[in-house]
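Please read the structure below before turning to the comments.
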Amino acid sequence: MAKQQFQAESKRLLDMMINSIYTHKEIFLRELISNASDAIDKRHFRSLTDSSLVPEGGFEIHLAVDEDNRTLTISDNGIGMTREELEQNLGTIAQSGSLAFKKENQTEDTDIIGQFGVGFYASFMVASNVKVISKACGSDQAYVWESDGADGFTIEPTEKDSYGTEIILTIKQNPEEEDADSYDEFLQTYRLSGLVRKYSDYIRYPIKMLMPHSQAKPKPEDAPEDYQPEYETIYTEDTLNSMVPLWKKDKKEITQDEYDEFYRNKFMDYMKPARTIHSHSEGLTASYDALLYIPSQAPYDYYSKDFTKGLALYTSGVLIMDKCADLLPDYFGFVRGLVDSSDLSLNISREMLQHDRQLKAIAISLEKKIKSELLKMQKDEREEYEKFWTAFGYSIKVGAYANYGADKEKLRDLILFYSAKEKKMITLKEYRAAMPEGQEEIYYASGSSIDLLDKLPQAEMVRKHDYDILYLTADIDEFVINLLESQDEKKFRSITAGDLNLSSEEEKKEAEEKSTANRAMFDMMKEALDGKVKDVRVSSRLVSNPVCLTSDGSLSIEMERVLNNVQNSGGQFNAEKILEINASHPIFETLIKLYVNDPEKLKSYTSLLYNQALLIAGIPIEDPAAFSNAICDLMAQ
């Protein structure tokens with residue numbers, strides 16, 4: 001029979017289908033199995049009104065390998081195709097019989113995913129010849145469609161016992177180049193079964209194939225005592241796919257152990273998840289099923305550039321993307337799981353999503369569900385939430401700070417800081433609710449550790465009023481707190497910055513008078529520090545400690561340290577430091593005497609006090625050797 005040409009613009013179009021649209025050759029099997037499933041869906045739909053169309057053994061998809069002849073056969077007992085349908089569906093590129101069927105039969109019972117009519121042509125990525133044998137339901141005649149590629153195709157009558165379709169691929173020979181792709185893998189049963197589990201595990205019909213298994217031969221009756229068992233290979237027809245997705249089942253029918261087992265197997269985590277979120281959503285924009293997990297620990301590479309976030313994306317049980325990053329915001333990138341929706345707009349290869357409103361609607365819905373679940377955990381299982389926070393809290397704080405705080409209000413209630421008073425992690429709401437009457441601001445301190453912050457002299461006045469202090473120990477914390485600005489109309493205030501407004505007017509006046517009276521001494525001390533501080537003054541916040549460092553302006557001492565470490569710029573960021581002296585401490589009188597009697601020693605004492613204040617604040621001093629020698633000189637006097 002004469003070869004017919006594809007009813008398409010040119011050979012170039014088919015070349016594009018074969019070589020450009022799909023990024024992975026293995027996708028061909030997913031496409032052919034999806035087509036087979038669609039064909040069975042159509043027959044199943046029609047069998048609802050015509051019971052004679054129900055096959056005796058049930059609906060099935062079969063794979064068969066013939067290594068000697070290099071063929072892979074995918075067969076189904078679906079609706080089959082007539083000669084006209086073979087010519088129309090396979091002879092015209094991008095002509096989809098599934099799309100036409102879906103338009104003609106708008107019902108929930110037809111969940112057809114093959115809408116573009118190009119998936120079949122993925123066969124030519126791995127096959128030098130494709131033969132399609134099909135017999136349509138209700139027809140007495142079968143036909144064989146055959147093609148070697150873009151040169152065209154033939155259609156001839158043939159014999160076939162049952163309704164349905166067989167696709168026989170003659171797998172290409174391996175190219176001679178050493179670094180070229182191998183095609184032999186598509187003739188290996190275990191490789192094929194792995195592809196089925198990866199892409200088509202949740203196709204609703206059984207996908208079967210003869211699989212080899214090793215089995216011990218029966219032990220001979222006269223076997224010697226040192227007999228070693230002999231093994232043989234047997235073949236059994238195995239079902240390769242699990243068919244019913246866990247996320248499609250009723251939640252009432254699933255135990256937590258089943259959820260946990262699915263998580264461990266799917267995401268290769270030996271730990272149980274901290275939380276499971278199983279939801280079904282139907283909306284005007286998009287409907288979907290989601291099975292999400294919050295891990296109990298961070299993956300080893302979570303905070304590295306190598307980590308890739310995303311949820312597995314399925315359409316009607318067929319894997320489209322292994323990790324769809326667009327379904328999760330970065331700050332919830334730790335969430336693992338999957339989404340299954342038939343409403344998404346896919347590109348022509350079904351390998352990538354088109355960024356449309358359905359995708360955005362699902363992403364927004366998932367974000368709300370994740371946040372709601374975290375807040376529920378925070379309320380009902382506080383210990384578990386604190387473990388979660390230890391693992392993933394930094395990610396959420398980065399999310400609150402990113403994009404100039406665009407998402408800070410979404411994440412505010414999830415954030416925890418350490419309470420100096422409660423000796424545990426608390427939320428900003430909890431701090432605000434526990435504030436005593438008369439407290440006007442929320443106080444915090446930033447540093448490298450809780451132990452260091454507990455010893456800060458700047459905290460003395462805050463504790464004197466029995467006010468709580470939030471300890472910020474992560475580098476990003478103070479940046480986040482500054483973006484949040486306030487909690488329920490109470491502003492945040494660093495205990496090391498500016499006037500805390502906790503001293504009485506009398507105490508403030510006394511401090512100001514002493515600073516004015518000793519201005520000449522303080523100017524000398526400032527000069528001795530050679531630009532390291534903006535000013536030296538009497539403190540109104542110190543109670544028992546002799547000295548401390550505070551800052552003026554928006555840049556705190558801790559933020560200076562963080563920024564210079566990040567930028568590695570050798571100190572280009574400088575906070576406006578203030579050296580505060582406790583006028584009630586004996587050292588103050590000593591300084592006054594030195595100013596009158598020994599100005600040079602005053603300068604030495606000033607350096608000692610400044611370095612002491614740095615060490616208290618957890619900041620390395622510039623010259624430890626000089627500091628040590630100065631102490632030794634003082635001790636020797």
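Observations, loosely collected:
- Summed over the stretch 412-430, residues that are of a type in the set (Ser, Thr, Tyr) and either open to solvent by less than 10 Å² (accessible area, probe 1.4 Å) or more than 17 Å from Arg463 (Cβ to Cβ) (or both) total 2.
- Number of the exception - Ala575 against (1) open to solvent by 30 Å² or more (accessible area, probe 1.4 Å); (2) modelled with pLDDT under 90: (1)
- Enumeration of residues in the stretch 448-475 that are under 29 Å from the mean Cα position of the chain (by Cα) and modelled with pLDDT under 90: Ser448
- Selection within the stretch 578-603 - part of a helix (DSSP H, G or I) and open to solvent by less than 60 Å² (accessible area, probe 1.4 Å): Ile587, Phe588, Thr590, Leu591, Ile592, Leu594, Pro599, Lys601, Leu602
- In the stretch 192-207, the condition of being more than 34 Å from the chain's Cα centre (by Cα) and either open to solvent by 50 Å² or more (accessible area, probe 1.4 Å) or within 30 Å of Asn69 (Cβ to Cβ) (or both) is met by no residue.
- Some residue of the stretch 546-566 being farther than 27 Å from Asn482 by Cβ and in contact with a helix residue (DSSP H, G or I) (Cβ under 9 Å, 6 or more places away or on another chain): yes
- Residue within the stretch 327-344 that is farther than 24 Å from Met425 by Cα, among the hydrophobic types (A, V, I, L, M, F, W, C), touching a Ser or Thr at 6+ places or on another chain (Cβ under 7 Å) and at pLDDT below 90 present: yes
- Boolean, Ile171 is more than 20 Å from Gly317 (Cα to Cα) and touching a helix residue (DSSP H, G or I) at 6+ places or on another chain (Cβ under 7 Å): yes
- Considering the stretch 445-460, and only residues there that are open to solvent by 10 Å² or more (accessible area, probe 1.4 Å) and outside any loop (DSSP other than H, G, I, E, B), the residue that is farthest from Arg561 (Cα to Cα) turns out to be Glu460.
- Residue list for the stretch 464-481, filter: outside any helix (DSSP H, G or I) and of a type in the set (A, V, I, L, M): Ile469, Leu470, Leu472, Ala474, Ile476
- Filtered residues of the stretch 125-152 (kept if among the aromatic types (Phe, Trp, Tyr) and open to solvent by less than 10 Å² (accessible area, probe 1.4 Å)): Trp145
- If the condition is being more than 15 Å from Asp38 (Cα to Cα) and surrounded by 22 or more Cβ atoms within 10 Å (Cβ to Cβ), then the stretch 69-85 contributes only Leu72.
- Candidates Glu384, Glu409, Glu437 - the one that is without any contact (Cβ under 8 Å) to a residue 24 or more places away in the chain, surrounded by fewer than 16 Cβ atoms within 10 Å (Cβ to Cβ) and assigned to a helix (DSSP H, G or I): Glu409
- Of all residues making up the stretch 274-286, the number that are buried (at least 16 other Cβ atoms within 10 Å of the Cβ) and without any contact (Cβ under 8 Å) to a residue 60 or more places away in the chain: 2
- Yes/no for Lys266 being assigned to a strand (DSSP E or B), open to solvent by 20 Å² or more (accessible area, probe 1.4 Å) and basic (Lys, Arg): no
- For the residues Leu13, Leu53, the requirement of being at pLDDT below 65 and on the phi < 0 side of the Ramachandran plot singles out Leu13.
- One residue stands out among those in the stretch 175-194 that are modelled with pLDDT under 90 and of a type outside the set (Asp, Glu): the one that is nearest to Leu72 (Cα to Cα), which is Ser182.
- Output for the stretch 291-317, where each listed residue is of a type outside the set (Ser, Thr, Tyr), part of a strand (DSSP E or B) and surrounded by 22 or more Cβ atoms within 10 Å (Cβ to Cβ): Leu291, Leu292, Ile294, Leu311, Leu313
The values are calculated or read from the model by the stated rules, or taken from the named source; none is laboratory data. It should be emphasised that the depicted structure is a prediction, and the values quoted were computed from it without experimental measurement. Quick reminder, even Gly has a Cβ in these numbers, built from the backbone with ideal geometry, and neighbours come from all protein chains shown. Just the protein is used for accessible areas: all its heavy atoms, side chains included, with ligands, DNA and RNA removed. Shrake-Rupley method; radii C 1.70, N 1.55, O 1.52, S 1.80 Å.
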